[in-house]
1. Sequence gap of 8 or more, or different chains, plus Cα separation below 17 Å: how many lysine pairs satisfy both in chain A?
2. Need one number for region B:123-163: average projected area of the convex hull over its C-alpha atoms, nm².
3. Summing both sides, how much accessible area is buried between A and B? Use a 1.4 Å probe and give Å² to the nearest 100.
4. How much of the accessible area of chain B, in percent, comes from carbon and sulfur atoms when a 1.4 Å probe is used?
5. Write down the Kirkwood hydrodynamic radius of region A:157-235, to one decimal in angstroms, obtained as one divided by the mean of 1/r over all alpha carbon pairs.
6. With a 10 Å cut-off between alpha carbons and a GNM built on chain B, which of B:Ile25, B:Ile95, B:Ile130 moves the most?
7. Provide, as a two-decimal number, the C-alpha radius of gyration of the protein assembly as shown over 2.2 N^0.38 Å, N being how many residues it has.
8. Pick from A:Leu60, A:Leu189, A:Leu36 the residue whose mean-square fluctuation is largest in a GNM of chain A, springs joining Cα atoms under 10 Å.
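The values are calculated or read from the model by the stated rules, or taken from the named source; none is laboratory data. It should be emphasised that the depicted structure is a prediction, and the values quoted were computed from it without experimental measurement. For neighbour counting, all protein chains shown are included, and Cβ atoms are generated from backbone atoms with ideal geometry for every residue, glycine included. Only protein heavy atoms, including side chains, enter the accessible area calculation; ligands, DNA and RNA are left aside. Shrake-Rupley method; radii C 1.70, N 1.55, O 1.52, S 1.80 Å.
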2 protein chains.
Amino acid sequence: MELQVALAKVSKYAVHESGDTLEMIERPHGGLSFVLVDGQHTGRGAKQISNLVARKAISLLAEGVRDGAAARAAHDYLYTHHDGKVSAELYIVSIDLVSETIVISRNSHCPAIIGDAKGLHVFDEPSSAIGVHRRMKPIITELPLASHTTVVIFTDGVFDAGVRDGQHFDVAVFVADQLRDANLGAQPLADAILARAVELDRGRPSDDTSVLVVRVVPRAGGDSARRLSVRFPLE
Amino acid sequence: MELQVALAKVSKYAVHESGDTLEMIERPHGGLSFVLVDGQHTGRGAKQISNLVARKAISLLAEGVRDGAAARAAHDYLYTHHDGKVSAELYIVSIDLVSETIVISRNSHCPAIIGDAKGLHVFDEPSSAIGVHRRMKPIITELPLASHTTVVIFTDGVFDAGVRDGQHFDVAVFVADQLRDANLGAQPLADAILARAVELDRGRPSDDTSVLVVRVVPRAGGDSARRLSVRFPLE
């Protein structure tokens, strides 16, 4: 088997800087963690918030702190730093090679879409943003690291795509349709979701828009290399 | 223009865990930093060292600390933590959107290969590993963020590929040959270098082997999305 992870993101139309931040880190006992944060508002202010939260979560995960505790600490940190006046949505997705599971920790009104060999499920248990309530707890889901497991998470640029024109983006239906190709890679899937969201917004994203896809697929070739690839448009 | 960054790595033959660690982080003022660390020896021990060093450097860079200072601090930290008895080779490659430069900080006996529109240069100014000497300073090179700039760095699995059989891998010549295709992407270039190194080692890498490539290429399409893609073989 091989794990594929892909992120695709654009900022709100005519806003230079995305308020969404994604960071990844290797887990000290094996595996990877991805932290996706959507800071309140847009532009520079939102970026500073999402950066602060992502940095805190990543630094704890790098030290071996468990995902739930890292999410709680990131909340406490943001709450303390901004007197409970600034919110952020936080996702942590970890591939834990010790427990052989994918752990999803969610503090967002956007659902997570999770698929396995049997079908797709929408995880939308009520969950609140971090930073603004005295107490908070993340919604945590743990899945076996099995072939054809798919996790799709996204920020509200995807969730609210097309709302301006009275449309609704049913991401789960879209993903189910894409996954008719059982061997679809993570990057084409992330790109397709992003492209559809931007299309529903008529090419002018109404918010910062990010999609993260994690897929476990059968190993393609004999090559056992790990790869990381980044594409970053420059102005 | 667009920036492409690619990593390809394999561990030493018959060793489960690579002692090389790569981490990336978004720079708080704009841009990205990549930290590549080759820990002394191989396996779990080397991994713990490279992890420790990478984590320290990344956490400082995330807070806005300059690359040279982050490298020095990572050295001091390793030196203190292990009483000057454990070494690591450290590379930091940053894409700094404020100064519009690529900054390469090097503490390794492996050279950096740097190309621009005019040709390729090998940067092999003597530079020592971190962790073992009382004082150390990184060798820092700064390049303009211009089209067709290419940076290739690698750990000694590449540098010493084929040495067992009395061969020598002239990476600069190999890269120059690959770059006859001026629009070659970072990932195909990194993959080609890794494949050649493994081939020279007859398919059994004699050391942990990692290649990092940074390229600035003309923008391919109208799409302004940022992308991150990870491939991670699972046992």
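1. 5
2. 4.6
3. 4900
4. 50
5. 14.4
6. Taking springs between Cα atoms under 10 Å, the residue moving most is B:Ile25.
7. On the way: Rg = 21.5 Å, N = 470, 2.2 N^0.38 = 22.8 Å.
Expressed relative to 2.2 N^0.38 Å, the Cα Rg reads 0.94.
8. Looking only at A:Leu60, A:Leu189, A:Leu36, the biggest GNM fluctuation is shown by A:Leu60.
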